[in-house]
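Have a look at the structure below before the remarks.
The values are calculated or read from the model by the stated rules, or taken from the named source; none is laboratory data. As the structure is a computational prediction, the values presented were derived from the model and not from experiment. As a convention, Cβ positions derive from the backbone with ideal geometry for all residues, glycine included, and neighbour counts pool all protein chains shown. These accessible areas exclude ligands, DNA and RNA; they are computed on the full protein's heavy atoms, side chains included. Shrake-Rupley method; radii C 1.70, N 1.55, O 1.52, S 1.80 Å.
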Amino acid sequence: MKIIHTSDWHLGQVFNNFEREEEHEAFLGHLCSIVKAHKPDALLICGDTFHSGAPGAAVRKLYTDSLLSLHNSAPSMQIVLIAGNHDSPSYLEADGKLWNLAGVHIFGKCSPNPADQVLPIEVDGKCVGVVAALPFSYPQNIPVIGEDTSLTTRAATYAAAAIREAEKISNGTLPTIVMAHTTIRESDIAEKKDDVGGIRTQSLIDFSGSFDYLALGHIHKSQTLKGPSKSIARYPGSPIPISFSEEEYNHSVSLVEIGKRGEEPKVTEIPIPVSVPMFTYPKEFLPLEEVLPLLRDLPKDKTAYLRVRLKYDDKTSSLAYEKIRDAVSEKAYRFCMLKSDDKTTRSGEGAVKMGISQMRERDPLDIADLFYKSKYSTDMGEDLKSLLKEVKEDVTKQE
Ligand SMILES: [Mn+2]
C-alpha cells in the first residue's frame with residue numbers, strides 16, 4: 001500500500017499581516033505533481049488544513065480547487081482528511097457527503113460509534129488497507145466508551161475502540177493505518193510546550209491495538225517514532241514554515257509504503273521548496289545603532305519573513321521598531337517583529353517596564369503572568385494559567 005501523508009497546511013494564515021495565499025498555492029501545485037508522479041492509494045491529510053475555523057471565500061476556493069485537482073491527479077486515490085485543533089469540525093463536515101463523490105472522506109468529529117471512524121481504502125474495487133481516522137477533539141467532546149468517564153484517559157479509550165473496529169476489517173491481513181492530530185509525549189516537541197496538565201498530550205502507548213502506521217499531525221517538525229512491534233508513528237511536519245521557530249526545519253510531505261501487514265513501513269521524505277523562508281537576523285543580539293547599518297546592507301530583492309535580533313538597554317530609542325521597519329522598507333523582506341535578548345527591564349518595586357515593541361513579541365500569557373506577579377507578588381497558579389490559556393486559544397487560535 002502506498003500513501004502520501006501530510007498535515008498542518010494552515011490555509012488562510014495571515015502571518016504578521018502578510019497573506020500567504022501564493023505560498024499555499026505553490027505548495028498545493030507541488031503536491032499535485034507529487035500525487036501524479038507516485039499515484040498513491042491514499043492521501044492522508046492529518047489536520048490543521050485551515051488556520052482558522054471559518055476561513056474566507058478565497059481560502060475556501062483554494063481548498064476546493066486544490067482537493068479537486070488532487071483527486072484529478074490520481075482519480076482512483078482515496079483522500080482522507082481529519083480535523084486539527086485549528087479547524088472547525090462542522091465547517092469541514094458541512095460538504096463531506098458531496099466530497100465522497102470525488103473519493104474524499106472528511107472526519108471532523110468523533111462519532112458516538114467508533115466504527116464510523118473506520119474507512120476501508122478501496123482502489124479500483126479492491127480493498128488495499130484500512131484507516132481509523134481520529135480527528136482532534138477536546139477530551140470533553142470525545143464520546144464515552146463503556147465505563148471510562150475520566151477525561152484523562154478518554155482519548156486513549158476511544159482510540160483503542162476505533163482501532164479494534166479497524167482490526168475487524170483488516171482481519172490481520174490488510175495494512176492498517178491510524179490517523180490522529182495530537183501531541184505525542186515521546187516526540188521532539190520543542191515548538192509546543194503548551195499542553196496544560198498533560199490532558200491533551202498523549203503517549204504512544206495510548207494507541208493500543210495492532211496497526212502498521214500512525215499518521216500524525218500537530219507537531220510541525222517532521223519526525224518518525226518507533227511504535228509497538230514493527231509499527232511506526234510519524235509527523236510529516238508543516239509543508240511551509242508557519243512560524244519563526246520553523247526557520248531551520250526541512251519542509252516536506254511523506255511517501256509511505258507498507259509492504260505487508262506487520263512489515264515495517266518505509267518512509268521517504270519528498271521535499272517541498274520553501275518559497276518565502278523565515279529569517280532571523282543578525283546572528284547575535286546587537287544594539288540598535290549596530291543593527292540598522294546591517295539591515296541597510298541586506299540585499300534588496302531577497303524575499304523572506306524577517307525577525308530582527310535587538311539588544312535592548314536603557315538608551316535604546318523608543319522608536320526602535322519604527323527605525324528598523326524603515327531601514328528595510330525599500331526591500332523585498334517582510335519585516336515581522338523584533339526578538340530581544342532581555343525581554344523585560346525591571347525597575348522599582350517589582351514593576352515591569354516593557355515597550356510596545358517588546359510587548360508585541362511576547363506571549364499574552366507571559367504578560368498576564370508578569371502583571372499578576374508585579375501586582376500580587378506571587379505566581380498566579382496553574383488553575384488560572386490554564387483558564388487563561390484556554391481563553392487565549394479560543395480567541396486567537398494562534399500558531
Ligand atoms: Mn498545526
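With the requirement that a residue be hydroxyl-bearing (Ser, Thr, Tyr) and not in a loop (DSSP other than H, G, I, E, B), what does segment 252-275 give you?
Looking only at segment 252-275, we keep the residues that are hydroxyl-bearing (Ser, Thr, Tyr), and these are 252, 254, 268, 275.
Matches in segment 252-275: Ser252, Ser254, Thr268.
Among the residues of segment 230-242, count how many are over 21 Å from Val35 (Cβ atoms) and in a loop (DSSP other than H, G, I, E, B).
Initial filter on segment 230-242 (over 21 Å from Val35 (Cβ atoms)): 230-233, 241-242.
Going one step further and asking which of them are in a loop (DSSP other than H, G, I, E, B), we end up with 230-231, 241-242.
Total meeting the criteria: 4.
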Quick one: is Ser254 touching a helix residue (DSSP H, G or I) at 6+ places or on another chain (Cβ under 9 Å) and of a type in the set (Gly, Ala, Ser)?
no
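Look at segment 124-149 and say how many of its residues are of a type in the set (A, V, I, L, M, F, W, C), assigned to a strand (DSSP E or B) and open to solvent by less than 20 Å² (accessible area, probe 1.4 Å). Don't jump to the end; show me each part of the working.
Our first condition is that a residue be of a type in the set (A, V, I, L, M, F, W, C); within segment 124-149, this holds for 127-128, 130-134, 136, 142, 144-145.
Imposing the further condition that a residue be assigned to a strand (DSSP E or B) reduces the set to 127-128, 130-134, 145.
This time we only want the ones that are open to solvent by less than 20 Å² (accessible area, probe 1.4 Å), so: 130-134.
Residues that pass the stated criteria total 5.
Hey, could you check segment 216-241 for residues that are among the small types (Gly, Ala, Ser) and more than 27 Å from Pro277 (Cβ to Cβ) and say which is farthest from the ligand (Cβ to nearest atom)? Explain how you work it out, then say what you get.
Pass one, segment 216-241, residues among the small types (Gly, Ala, Ser): 217, 222, 227, 229, 231, 233, 237-238.
Going one step further and asking which of them are more than 27 Å from Pro277 (Cβ to Cβ), we end up with 227, 229, 231, 233.
Working: Gly227: 21, Ser229: 29, Ser231: 23, Ala233: 17 Å.
For segment 216-241, the residue satisfying everything is Ser229.
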Does Asn100 satisfy being away from the ligand (no atom under 16 Å from the Cβ), more than 30 Å from Gly56 (Cα to Cα), open to solvent by 40 Å² or more (accessible area, probe 1.4 Å) and modelled with pLDDT of 95 or more?
no
I need the full set of residues from segment 255-284 which are touching a Leu at 6+ places or on another chain (Cβ under 9 Å) and more than 29 Å from Glu23 (Cβ to Cβ), in order please.
Arg261, Lys266
Taking Ser245 and the conditions (1) open to solvent by 50 Å² or more (accessible area, probe 1.4 Å); (2) more than 16 Å from the ligand (Cβ to nearest atom); (3) in the same structural domain as Met77 (by TED's automatic domain parsing); (4) not in a loop (DSSP other than H, G, I, E, B), which numbered condition does it fall short on, given that it satisfies the others?
(2)
